[in-house]
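Enquirer: My questions all concern the structure below.
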Amino acid sequence: MTVAEIGAMAGELKVLNALDSAKTQWYHFTAIVIAGMGFFTDAYDLFSISLVTKLLGRIYYFNPASKSPGSLPPNVSAAVNGVAFCGTLAGQLFFGWLGDKMGRKKVYGMTLMLMVICCLASGLSFGSSAKGVMATLCFFRFWLGFGIGGDYPLSATIMSEYANKRTRGAFIAAVFAMQGFGNLTGGIVAIIVSAAFKSRFDAPAYRDDRTGSTVPQADYAWRIVLMFGAIPALLTYYWRMKMPETARYTALVAKNAKQAAADMTQVLNVEIVEEQEKADEVARREQFGLFSRQFLRRHGRHLLGTTVCWFVLDIAFYSSNLFQKDIYTAVQWLPKADTMSALEEMFKISRAQTLVALCGTIPGYWFTVFFIDIIGRFVIQLGGFFFMTAFMLGLAVPYHHWTTPGNHIGFVVMYAFTFFFANFGPNSTTFIVPAEIFPARLRSTCHGISAAAGKAGAIVGSFGFLYAAQSTDASKTDAGYPPGIGVRNSLFFLAGCNVIGFFFTFLVPESKGKSLEELSGENEDDDDVPEAPATADHRTAPAPPA
């Protein structure tokens, strides 16, 4: 047996070839739904808090002497909104590593149950004071985020390892696109809850009755919205537990190619008989670790590319809250806070964010699903960063023009296109590519590292820019915030982040139409070993009748 033949063993495992060449079948769509519902829940839980923060401020930080409704202090607002991101970052690193050590399936169930428990507990946050309620809420939302973090590397890895190589990008993108529906559902649930409570417990505007504008029953509204996120996670738990371990983990990491063949025989409905010699050869192969020279030489630049691109993308993507209050006011979706009751304000905020999800986020996700296996990941990511840069500069250079009366429609259109090209661009591809280009034994870990870098960028974008985007004039800043560099200068900085992402995209290889083993180098024993020609018989026989 030649060195080249030994190097090609991973690619010669019949079970992996059967997965790569399989026609799109019912199990593919089942896997998309099971993994996608996890992402649906993730998005619902992470974004639903923004729908109720104004209500929390009115309930727990009410000051009868103030002309304005109560609002969360900057440090409390940052904690309530940001603690889940911190948990997510930690969960991405921990569960990403654990998914490679224990297997995707075992860890997948852990993350889901953690999400369900903490989702319910968030809605049951207790305390004898405002500080006590906020502290309890933050505690449970951190651990909710920890569970959500695990879903990133595991969902992407599982879908990647189940998919065939022709449509793998579309399948992983479809899982990620469920984020849009999670956002949309969060808004719809908040609209229904706030409308129902408002109908039953109507209240005057704040300026007409400061105390009466927030009814005591409003304290139940935000709790119901947060707890609803546990329902879709619970619905998918049974199906997650029924999924077999991915064949690539079983064969290449657990080194049990026969079990992988048996599992996929049931899934694909074809009989796959793995040759013992090939299975034994794969099991004997030496495998390098994350901190080895071999990994640095083969995949170091790839990991640098995926982490930097995801980091700078999320700085720009999550800074969207800089513009939302301007947009909502400009198109008259949000009147002044003192002209509304607490529940009316929650209703109008939810309606505005639902429209943004429906028009600005969902279309971009599904453009990626339809085109990623046609034009490739590289072109979509490069084009996305380019157009995000162009539209952000288009907002920044004539910023004074956009903020003058009569020009707000153009501002809204430019903002919408920025989001469209984020989702039909790097926001999708940064999730997809790390699940394809690394070896099976490190795939979940490397995706977790890349995703954690992105979440660090999200923290910078969401909260660093709340301070940075404040006016340079101290008299015009939001209550409790020091002067910053202003929205216009912030936009220039964000455009610069997109330029960095554009150039670091060149470190990431195109993965369209290639097998995972070809991309990760698991077909090779060394960088200098050429890929062996496919001469073996890889045919699979139809399964015998039951």
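Enquirer: Just to confirm the number: angle between the C-alpha axis of helix 377-396 and the first principal axis of the chain, 0 to 90 degrees, nearest 10?
Expert: 20
Enquirer: Could you give the distance between the Cα centres of the range 376-392 and the range 101-133, to the whole Å?
Expert: After rounding, the separation between the Cα centres reads 36 Å.
Enquirer: Shifting gears a bit: Going Cα to Cα from Lys348, which lysines come in below 18 Å? Please leave out same-chain ones fewer than 8 positions away.
Expert: Lys54, Lys198, Lys325, Lys336
Enquirer: Suppose the Debye formula is applied to equal point scatterers at every Cα of the chain; what is log10 I(q)/I(0) at q = 0.10 Å⁻¹?
Expert: Each listed q corresponds, in turn, to -0.81.
Enquirer: When the solvent-accessible surface of protein heavy atoms is calculated with a 1.4 angstrom probe, in what order do Ser122, Ser71 fall, highest first? Intermediate results must be reported in sequence, preceding the final value.
Expert: On the way: Ser122 0, Ser71 75 Å².
The most accessible residue leads, giving Ser71, Ser122.
Enquirer: Projecting each Cα onto the charge dipole of the chain (Lys/Arg +1, Asp/Glu -1 at the beta carbon, about the Cα centre), which of Tyr318, Leu252, Leu98 comes out farthest on the positive side?
Expert: Final value for the positive-end residue is Tyr318.
Enquirer: Here is a further query. Expected output is a single nm value to one decimal: the length gained when fully extending between Arg200 and Ser21, i.e. 0.36 nm times separation in residues minus the C-alpha distance. What is it?
Expert: On the way: separation 179, 0.36 × 179 = 64.44 nm, distance 5.74 nm.
So the chain would gain 58.7 nm between Arg200 and Ser21.
Enquirer: Tell me the Rg and the Dmax, in Å, that the Cα atoms of the range 109-171 produce.
Expert: Final numbers for Rg and Dmax: 16.8, 57 Å.
Enquirer: Next question, about the same structure. Could you order Arg168, Arg207, Arg297, Arg441 by accessible surface area, starting with the largest, using a probe radius of 1.4 Å? Can you show the working numbers first?
Expert: Details: Arg168 0, Arg207 160, Arg297 115, Arg441 40 Å².
So the residues, ranked largest to smallest area, are Arg207, Arg297, Arg441, Arg168.
Enquirer: Still on this structure, I have one more. Beyond a 28 Å Cα-Cα separation, which of these cross-linked pairs lie in this structure: Lys23/Lys255; Lys106/Lys131; Lys23/Lys455; Lys255/Lys455? Provide the component values of the computation, followed by the final result.
Expert: Working: Lys23/Lys255 26 Å; Lys106/Lys131 37 Å; Lys23/Lys455 35 Å; Lys255/Lys455 33 Å.
Where the Cα-Cα span goes over 28 Å, the pairs concerned are Lys106/Lys131; Lys23/Lys455; Lys255/Lys455.
Enquirer: Then there's this: Can you order the peptides 487-494, 143-150, 18-25 by their average number of other Cβ atoms within 10 Å per residue, highest first? Could the numbers behind the result be given before it?
Expert: Numbers: 487-494: 19.6, 143-150: 27.5, 18-25: 17.0.
Packing proxy ranking, top to bottom: 143-150, 487-494, 18-25.
Enquirer: If the viscosity is 1.306 mPa s and the temperature 10 °C, what translational diffusion coefficient in µm²/s does Stokes-Einstein give for the range 120-216 when Rh comes from Kirkwood over Cα pairs? Display every interim value, and only then the final one.
Expert: On the way: Rh = 17.4 Å.
Reported coefficient: 91 µm²/s.
Enquirer: Report, in degrees rounded to the nearest 10, the 0 to 90 angle that the Cα long axis of helix 74-102 makes with the longest principal axis of the chain.
Expert: Compared with the principal axis, the helix lies near 10 degrees.
Enquirer: Report the net charge of residues surrounding Arg58, where surrounding means a beta-carbon distance below 15 angstrom and charges are Lys +1, Arg +1, Asp -1, Glu -1. Working shown, then result.
Expert: Values: positive: Lys54, Lys67, Lys198, Arg207, Arg210, Arg223, Lys336, Lys348; negative: Asp208, Asp209, Asp219, Asp338, Glu344, Glu345.
My count for the surroundings of Arg58 gives +2.
Enquirer: Report, to the nearest 10°, how far helix 362-375 tilts away from the longest principal axis of the Cα atoms in the chain, using its own Cα long axis and a range of 0 to 90°.
Expert: 20
Enquirer: If you don't mind, there's one more thing I want to ask. Between Tyr44, Tyr206, Leu235, whose Cα lies farthest towards the positive end of the dipole of the chain when Lys and Arg beta carbons carry +1 and Asp and Glu beta carbons carry -1, centred on the Cα centre?
Expert: About the Cα centre, the residue reaching furthest to the positive side is Tyr206.
Enquirer: Enumerate the amide H contacts of Glu271 below 5 Å, restricted to partners 5 or more residues apart or on another chain; note that Pro and chain-start residues carry no placed amide H.
Expert: For Glu271, whose amide H was placed from the backbone, the distant partners under 5 Å are Ala541, Ala543.
Enquirer: Spelling out what I want: for every residue of the range 114-125, take phi, set θ = phi - 60°, compute 6.51 cos²θ - 1.76 cosθ + 1.60 (Karplus), and round to whole Hz; glycine and proline get x.
Expert: 4, 5, 4, 4, 6, 5, 5, 5, 4, x, 9, 4
Enquirer: Sticking with this one: Please list the equivalent ellipsoid semi-axes of the range 322-466, computed as the square roots of five times the alpha-carbon gyration tensor eigenvalues, in descending order and whole angstrom. All intermediate terms of the calculation are to be shown ahead of the outcome.
Expert: Working: eigenvalues 213, 70, 43 Å².
Three semi-axes, in Å: 33, 19, 15.
Enquirer: Could you tally the net charge around Phe40, taking each other residue with its Cβ under 14 Å from the Cβ of Phe40, Lys/Arg +1 and Asp/Glu -1?
Expert: Numbers: positive: Arg240; negative: Asp42, Asp45, Asp151.
So the surrounding residues net to -2.
Enquirer: To the nearest 10 square angstrom, how much accessible area does Glu522 have with a 1.4 angstrom probe?
Expert: Counting only protein heavy atoms, the figure is 10 Å².
Enquirer: Work out from phi, with θ = phi - 60° and the Karplus expression 6.51 cos²θ - 1.76 cosθ + 1.60, the ³J(HN,Hα) of each residue of the range 310-318, listed in order in whole Hz, and give x for Gly and Pro.
Expert: Karplus values, whole Hz, x for Gly and Pro: 5, 4, 6, 4, 6, 4, 5, 5, 7.
Enquirer: Here's another thing I want to ask about it. If one computes P(r) from the Cα atoms of the range 415-470, what percent of pairs lie at distances over 13 Å? Don't skip to the end; give the middle numbers.
Expert: Working: 1051 of 1540 pairs.
When every Cα pair of the range 415-470 is considered, 68 percent fall beyond 13 Å.
Enquirer: Oh, and also: Residue by residue through the range 128-141, what is 3J(HN,Hα) from phi via Karplus (6.51 cos²θ - 1.76 cosθ + 1.60, θ = phi - 60°)? Round to whole Hz and write x for glycine and proline.
Expert: Once θ is set to phi - 60°, the couplings for the range 128-141 become 8, 9, 4, 5, x, 5, 5, 5, 5, 4, 5, 4, 6, 6 Hz.
The values are calculated or read from the model by the stated rules, or taken from the named source; none is laboratory data. A quick note: this is a predicted structure, and the numbers were derived from the prediction, not measured. Note: ideal-geometry Cβ built from the backbone for every residue, glycine included; neighbour counts use all protein chains shown. Ligands, DNA and RNA are excluded from the accessible area calculation, which covers all protein heavy atoms including side chains. Shrake-Rupley method; radii C 1.70, N 1.55, O 1.52, S 1.80 Å.
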